[in-house]
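Below is one structure, written out as structure tokens, with a few remarks after it.
The values are calculated or read from the model by the stated rules, or taken from the named source; none is laboratory data. Being a predicted model, the structure only gives us computed values, none of them experimental. Cβ placement follows ideal geometry from the backbone for every residue including glycine, while neighbour counts extend to all protein chains displayed.
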Amino acid sequence: MMAYPRAHALMKRGAEFLGSEYAILCGAMSWVSERNLVSAISNAGGFGVIACGAMTPELLDAEITATKALTSKPFGVNLITMHPGLFDLIAVCARHSIGLVVLAGGIPPKGSIEAIKEAGAKVICIPPTLALAKKYLRSGADALVIEGMEAGGHIGPVSTSVLAQEILPELAADHLVFVAGGIGRGEAIASYLEMGAAGVQLGTRFACASESIAHPAFKAAFFRGNARDAIASVQVDPRLPVIPVRALKNKGTEEFTAKQLEVAKLLDSGAIEMGEAQLQIEHFWAGALRRAVIDGDVENGSLMAGQSVGMVSKEEPVADIIATLMQECEAALAKR
Ligand SMILES: Cc1cc2nc3c(=O)[nH]c(=O)nc-3n(C[C@H](O)[C@H](O)[C@H](O)COP(=O)(O)O)c2cc1C
């Protein structure tokens, strides 16, 4: 007998679309979602996604090759729409016959969805509103991930629960919508599936899996962290835009506030121009995620984490995390 019959029934559409056993994506996490974690997720029945981040086409090419050596299961690639070499990266995915490309980080540039689909791949977009969700579907997106502000990393202003209520009743019957942000347990997965979601995407819960290459100090910070420690970066001055990022508070997040005040003062005094001021703000976090994930600098690096970090308490193999989520999901559905 199938292990999780109720959960499987609700995940069927999503799992068929992904080509995985469970409709559970591990959302791409820059520096974390590389060959080891991605292959472990796909090997365990989930769907792994390589985080291309700022990689060059050559690096992405090597990462895909290395991931393929570790799994024969399907996995996807997450591309950031602002990447200057976006179309070269799409070509790399096409050469490797990657079946699913996730376009993250803003409105996909003209021709990008078409270019991915021409190569025979499916496209997932991440709309921040219902209006954009409909637009992306009209533009050819095959599925959507809706991601609320509880999530780790770059976030929008709206919570997962509200996005789910706004978007699932409108679109989920006829389209594939995956829900992300703040999911730490299977009971929440069950609820979103019942609302019509095709599946879910988790990041934070998988970041510290045994197979994740994240530095032990990064993982330890996650194990210590509570929901309230994963805070969104705050913009201090209306002239100096800050894209909100949710991360564990540390010395770096405090210094970022101080930096904004300092730059605003320089701007007031005329010591620097607006362009230079905005650049200083933008550059503050350059390389910071790498410093935390790879070098283990948990004071100055960026410890991107979602509010579900409070539900991450120990290092576990990906297969155990997925089994726990599926058991919790099935038990919740069985109790209905
Ligand atoms: C450390 C970290 C890095 C991330 N990097 C990316 C990224 O490069 N591209 C992206 O689309 N999402 C990124 N995300 C978001 C995840 O893909 C995922 O949607 C999110 O973690 C889901 O919410 P959760 O953290 O509450 O599970 C990142 C998240 C974390 C925690």
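The rows are residues; the columns are (1) surrounded by fewer than 22 Cβ atoms within 10 Å (Cβ to Cβ); (2) within 16 Å of the ligand (Cβ to nearest atom); (3) over 20 Å from the mean Cα position of the chain (by Cα).
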{"residue": "Glu299", "(1), (2), (3)": "yes, no, yes"}
{"residue": "Gln307", "(1), (2), (3)": "no, yes, no"}
{"residue": "Met311", "(1), (2), (3)": "yes, yes, no"}
{"residue": "Thr324", "(1), (2), (3)": "yes, yes, yes"}
{"residue": "Glu328", "(1), (2), (3)": "yes, yes, yes"}
{"residue": "Ala334", "(1), (2), (3)": "yes, no, yes"}
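Only one entry in Gly184, Gly196, Gly111 is at pLDDT 95 or above, under 20 Å from the mean Cα position of the chain (by Cα) and farther than 18 Å from Val245 by Cβ, namely Gly184. Can you find a residue that is more than 16 Å from the ligand (Cβ to nearest atom), more than 24 Å from Gly156 (Cβ to Cβ) and assigned to a loop (DSSP other than H, G, I, E, B) anywhere in the range 104-114? The answer is yes, given that some residue of the range 104-114 is more than 16 Å from the ligand (Cβ to nearest atom), more than 24 Å from Gly156 (Cβ to Cβ) and assigned to a loop (DSSP other than H, G, I, E, B). The set of residues in the range 176-194 being over 23 Å from Val123 (Cβ atoms) and not charged (D, E, K, R) consists of Gly182, Gly184, Gly186, Ala188, Ile189, Ala190, Ser191. Against the numbered list (1) part of a helix (DSSP H, G or I); (2) near the ligand (Cβ under 10 Å from one of its atoms); (3) surrounded by fewer than 21 Cβ atoms within 10 Å (Cβ to Cβ), Val162 comes up short only at (2). Scan the range 276-291 for residues that are within 16 Å of the ligand (Cβ to nearest atom) and either in a loop (DSSP other than H, G, I, E, B) or closer than 17 Å to Ala232 by Cα (or both) and jot them down. Across the range 276-291, the qualifying residues are Trp285, Ala286, Gly287, Ala288, Leu289. Applying the condition of being within 30 Å of Lys335 (Cβ to Cβ), part of a loop (DSSP other than H, G, I, E, B) and not hydroxyl-bearing (Ser, Thr, Tyr) to the range 20-55 and asking which residue is nearest to the ligand (Cβ to nearest atom) yields Gly27.
For the range 110-129, which residues satisfy the criterion of being of a type outside the set (Val, Ile, Thr) and surrounded by 15 or more Cβ atoms within 10 Å (Cβ to Cβ)? Answer for the range 110-129, where residues must be of a type outside the set (Val, Ile, Thr) and surrounded by 15 or more Cβ atoms within 10 Å (Cβ to Cβ): Ser112, Ala115, Lys117, Ala119, Ala121, Lys122, Cys125, Pro127, Pro128. Of the residues that make up the range 235-254, is at least one part of a helix (DSSP H, G or I) and without any contact (Cβ under 8 Å) to a residue 12 or more places away in the chain? Yes - at least one qualifying residue is present in the range 235-254. When the range 190-220 is filtered for residues that are in a helix (DSSP H, G or I) and either basic (Lys, Arg) or in contact with a strand residue (DSSP E or B) (Cβ under 6 Å, 6 or more places away or on another chain) (or both), the ones remaining, listed by number, are Tyr192, Arg205, Phe206, Lys219. Counting the residues of the range 292-309 that are of a type outside the set (Ser, Thr, Tyr) and in a helix (DSSP H, G or I) gives 4. Among the residues making up the range 3-42, those that are of a type in the set (A, V, I, L, M) and under 30 Å from Ala288 (Cβ atoms) are Ile24, Leu25, Ala28, Met29, Val32, Leu37, Val38, Ala40, Ile41.
Checking each residue of the range 252-268 against the condition of being of a type outside the set (Gly, Ala, Ser), over 30 Å from Ala7 (Cβ atoms) and within 16 Å of the ligand (Cβ to nearest atom) gives at least one match.
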